[in-house]
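What follows draws every value from the coordinates through simple rules; no lab data is involved. Keep in mind it's a predicted model, so treat the numbers as computed, not measured. Neighbour counts are summed over all protein chains in view; Cβ atoms, including those assigned to glycine, are modelled from backbone coordinates with ideal geometry.
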Amino acid sequence: MTPSAQITIERTNTSLNGYLAAVAGVALIALPVISFVLVPSLANAVWTILVRVLFIMSGVFCLVGLYMLQPRQAAIFTLFGKYAGTDRSEGLRWANPLYMKRKISLRARNLNAPTMKVNDKRGNPIDISAVIVWRVEDTAQAVFEVDDYEAYVTMQAEAAIRHMATLYAYDEGDDLAPGETTLRSGEAALATLRSQLQERFAAAGVQVEDAKISHLAYAPEIAQVMLRRQQAEAIISARSRIVHGAVSMVEDALKGLSERAIVHLDDERKAAMVSNLLVVLCSDKDTQPVINAGTLYG
């Protein structure tokens, strides 16, 4: 790796207790004033004036270096354009007044990605969106490796969602392998999304905490067609279950009649009985019984 390609990594810059620095600063400014009041005979002496000015400048130096950090907040120090370290302490702190201090939040943030139109694995247009929880992990990378880490996260999140959506089909179908993961049913799709996000966010020192799909639907132009397809598949599945159950019931009925010797049926009558039972059991409408007042064969 060439020197120009080296990545700026966060390093700790320890700050001092701000309360002690504040007390010292106030004391250094107050001492010359008190001495001027208590010892007025020395007020016009050149050396006393120099000492008072030195004390006051030292006090101002102490007070100017004060800054405050909230919990889960960091301060990035730069000295004349050079990165000098990061302070993650809490409360009132003191550091070199020549440092430029930039505060950055380390708290978890939510990104609600906009709904995007993407083609899934089958090529069908779908609308998809996701909610991503992220936080800054490396402050130096977040500030110095990208121009605007928040805009970077937004753009890379959209790219990751688009890429993930192309790897999976929206829903199950005959063209997919048994048990293949889909966008609607697979945790593997979310794992892929998190992996893609972390890979893309790494350059900005950002950690992905969680990612969930918040919106998933077919695009409006094919929504009605795919709805009819889903309805047809549901009807076929239901009919298959009904027929399977009806066949089992007819088989049990014929077996019960034969074992108990209630009635003896030839093959033709068995076929007629099976046909009638299947019509009754598989019909989606109420059947009307027909009473045969004659013999079984009449």
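Assuming R0 = 51 Å, can you tell me the calculated FRET efficiency for the pair TRP47 and HIS163, based on Cβ-Cβ distance, to the nearest 0.05? Rounded to the nearest 0.05, the efficiency is 0.10.
Over segment 97-218, what per residue volume does the convex hull of the Cα atoms give, in whole Å³?
In segment 97-218, the Cα convex hull volume per residue is 91 Å³.
Multiplying the residue separation of VAL37 and ASP252 by 0.36 nm and subtracting their alpha-carbon distance yields 65.9 nm. Projected label points at ILE104 and GLU221, each 7 Å from Cα along the beta carbon direction, are separated by 4.2 nanometres.
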